[in-house]
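Okay, so here's the structure we're looking at.
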Amino acid sequence: MKILVVDDSKAMRMIVIRTLKQAGFDDCVTLEASSGVEALEVIAKERPGLILSDWNMPEMKGIDLLKKLRADGNETPFGFITSESGEDIAHVATEAGAMFIVTKPFTAQKFGDVLSPILA
Amino acid sequence: MNINSEQLAELTRNVCQAMLGLDITPSPSPASSETQLTSKVCISGQWNRTIEVVASPEAARCLAATMFCMDPSEVAASEIEDAVSEVANMIGGNVKGILGGDCELSLPSIESQSSVTLETEPIAKATFDLDNGVLQVLLKHS
């Protein structure tokens, strides 16, 4: 499966990809995008099976990326990996169609728990 | 709701340990007068706070090298800024979660400064030794 990691921080994209491998998902192909706009281009071209996105990004926030995808009829499983936390964030994300939120800092164990049902 | 220095230190340790595998130790040393790299994130709304992560060159380089799995001598300036900004972002997000309420978290901004100027007394402060350098986290009113 192709997994798209969307984050404006190159460091965080690397950490997410590294953690995916540590969690045992090393057979997945990872793709990267540094913004919501770039993510839309990658999604159209590569059709990933899962999107992991930061929440707070310049140009297009993660939540706006998700809303855009759903408005366009794209139902690719989508989860947030973000420093943002709180019930308000979780509510907005779920309403928009997100499957999960993983809050930073995270562990490989957390990735495994959240992603195993999706990637099985 | 406020966060004290002990909570800020614990939160910072958790971020460094969980995300980077770095065990950082509290330091009684203040940040030195050499050029520091500072990343700020702001919380605005029901609570108005600024979180500053101030890193000496050694500490900043160590954070970047660990994040990017590189030799410290090989990390580029942009990677150092990215790493320090991401640490600020994670700490800021966690502080926002603890404060609760209806708030927004800004994107990190970065600046270099020749010394740490405490123009306003921080609400909380945590200082750590990191690779012969100093990492300081400040929580301020904004």
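Quick grid of which residues meet (1) in contact with a strand residue (DSSP E or B) (Cβ under 7 Å, 6 or more places away or on another chain); (2) more than 13 Å from every other protein chain (Cβ to nearest Cβ):
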{"site": "B:LEU11", "(1), (2)": "no, no"}
{"site": "B:MET19", "(1), (2)": "no, no"}
{"site": "B:THR38", "(1), (2)": "yes, yes"}
{"site": "B:VAL41", "(1), (2)": "yes, no"}
{"site": "B:GLY45", "(1), (2)": "yes, no"}
{"site": "B:PRO57", "(1), (2)": "yes, yes"}
{"site": "B:ALA65", "(1), (2)": "no, no"}
{"site": "B:MET70", "(1), (2)": "no, no"}
{"site": "B:SER78", "(1), (2)": "no, no"}
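Return the only residue of A:ASP27, A:ASP8 being away from chain B (no Cβ under 14 Å) and more than 14 Å from A:LEU69 (Cβ to Cβ).
A:ASP27
Matching residues to (1) among the hydrophobic types (A, V, I, L, M, F, W, C); (2) more than 14 Å from B:VAL41 (Cβ to Cβ):
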| position | (1), (2) |
| --- | --- |
| B:GLU52 | no, no |
| B:CYS69 | yes, yes |
| B:ALA76 | yes, yes |
| B:LEU107 | yes, no |
| B:GLN136 | no, yes |
| B:SER142 | no, no |
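Any idea which of A:ILE63, A:ILE43, A:ILE17, A:ILE3 is more than 22 Å from B:GLU79 (Cβ to Cβ) and in contact with a strand residue (DSSP E or B) (Cβ under 6 Å, 6 or more places away or on another chain)?
That would be A:ILE3, the only listed residue that is more than 22 Å from B:GLU79 (Cβ to Cβ) and in contact with a strand residue (DSSP E or B) (Cβ under 6 Å, 6 or more places away or on another chain).
Exactly one of these conditions fails for B:GLU104: (1) under 14 Å from the mean Cα position of the chain (by Cα); (2) open to solvent by 50 Å² or more (accessible area, probe 1.4 Å). Give me its number.
(1)
I need the full set of residues from the range A:18-33 which are open to solvent by 60 Å² or more (accessible area, probe 1.4 Å) and within 13 Å of the chain's Cα centre (by Cα), in order please.
Scanning the range A:18-33 gives a single hit, A:GLU32.
The values are calculated or read from the model by the stated rules, or taken from the named source; none is laboratory data. Just so we're clear, the structure is a prediction, and the values are computed from it rather than from any experiment. Neighbour counts are summed over all protein chains in view; Cβ atoms, including those assigned to glycine, are modelled from backbone coordinates with ideal geometry. Side chains are part of the model used for accessible areas, which takes the heavy atoms of the whole protein and leaves out ligands, DNA and RNA. Shrake-Rupley method; radii C 1.70, N 1.55, O 1.52, S 1.80 Å.
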